[in-house]
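Read the structure below first, then the notes.
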Amino acid sequence: MFDKDLLIFGCGNTLLGDDGFGPAVIEHLAATFSLPPSVMAMDAGTGIRGILFDLMLIEPKPRKIIVIDAVDYPDRVPGELFEIPVEGVPAGKVSDFSMHQFPTVNMLQELKDHAELAVQILVVQIESIPDEVRPGLSAPVAEAVPRACEFLIREIEKSVPEK
């Protein structure tokens, strides 16, 4: 992981419905596409904070990271994909294991501002997050998985220099 130019992290808890979007995208990406050697896609599950902490300490750093996650934004349609800036991560957390908790957002901001690492966050609007264990994505969020992978492939093509 520490010698890659581009790192892609799928965040979320697969046991809590639509919160499992990030890991589902990574799984589909791995099954459908062959990534260049300078790119790594990882199911970060609920462990993104530890990974970001490691990234803050290592040298050299990757040139770019892309975070894939699920959010609940007002006035959005379930399954809608959109990018948000690090500063736009909603204060309300989607679940107790969400990347939206302190200090994750602070670490992303630190990497972006002080390590000059490009940070992109692609999110999907959830339909719902259950209050108890219930694996599986809702239909609109599941339909967004291949579209998220297409987005990632375009970003990889733009971000990774041809050799």
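Each value in this text was obtained by applying a stated rule to the coordinates, not by laboratory testing. Everything numeric here is computed off the predicted structure, so don't read it as measured data. For neighbour counting, all protein chains shown are included, and Cβ atoms are generated from backbone atoms with ideal geometry for every residue, glycine included.
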- Quick one: MET107, MET1, MET56, fewest Cβ neighbours within 10 Å first, how do they rank? MET1, MET56, MET107
- Rank by packing, highest mean first: peptides 60-68, 136-144, 27-35, with packing defined as the count of other Cβ atoms within 10 Å averaged across residues. 60-68, 136-144, 27-35
- Nearest 10 degrees, 0 to 90: what angle lies between the long axis of helix 48-57 and the longest principal axis of the chain (Cα atoms)? 20
- Ranked list, fewest to most other Cβ atoms within 10 Å of each Cβ, for VAL89, VAL133, VAL160, VAL25: VAL133, VAL160, VAL89, VAL25
- Task: For the chain, count all C-alpha to C-alpha pairs, find those more than 20 Å apart, and express that count as a whole percent of the total.
- Result: 46
- Query: If you rank PHE9, PHE2 by fewest surrounding Cβ atoms within 10 Å, what's the result?
  - Reply: PHE2, PHE9
